[in-house]
Amino acid sequence: MARQGDTKQAKAGQRVALILAAVAVFWILVTLLGNEYSWSNRTRAFFDLAALVGFGFALWQTFRLWRARQNEKGEN
């Protein structure tokens, strides 16, 4: 029996958590830099959209992980 945290699904869950954390930190830093250096609204919107894409990617990965677990339950 595999130790908890050593399974493929656990590692995928950890990867999703790291993606979410990295995107959140990126978004906060870019927002602060934009305020500090008075970036244009267009530049700020670009980074907001980039963060939105990152959050969407993490959501997609979470959905894939959830579906994999549902399929695994059905096989047992």
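The values are calculated or read from the model by the stated rules, or taken from the named source; none is laboratory data. Keep in mind the model is a prediction, meaning the values are calculated, not measured. All Cβ positions, even for glycine, are placed from backbone atoms using ideal geometry, and neighbour counts span all protein chains on display. All accessible areas refer to the heavy atoms of the entire protein, side chains included, with ligands and DNA or RNA removed. Shrake-Rupley method; radii C 1.70, N 1.55, O 1.52, S 1.80 Å.
Tell me whether segment 56-75 contains one or more residues that are among the aromatic types (Phe, Trp, Tyr), assigned to a helix (DSSP H, G or I), in contact with a Phe, Trp or Tyr (Cβ under 9 Å, 6 or more places away or on another chain) and free of Cβ contacts under 8 Å to residues at least 40 places away in the same chain.
Within segment 56-75, not a single residue is among the aromatic types (Phe, Trp, Tyr), assigned to a helix (DSSP H, G or I), in contact with a Phe, Trp or Tyr (Cβ under 9 Å, 6 or more places away or on another chain) and free of Cβ contacts under 8 Å to residues at least 40 places away in the same chain.
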Scan segment 27-39 and give yes if some residue there is open to solvent by less than 100 Å² (accessible area, probe 1.4 Å), in contact (Cβ under 8 Å) with a residue 24 or more places away in the chain and under 19 Å from the mean Cα position of the chain (by Cα), otherwise no. no
Count of segment 40-63 residues which are charged (D, E, K, R) and loosely packed, with under 11 Cβ neighbours inside 10 Å: 1
Considering only segment 5-19, I want to know if a residue exists there that is of a type in the set (Lys, Arg) and either in contact with a Gly (Cβ under 9 Å, 6 or more places away or on another chain) or open to solvent by less than 60 Å² (accessible area, probe 1.4 Å) (or both). yes
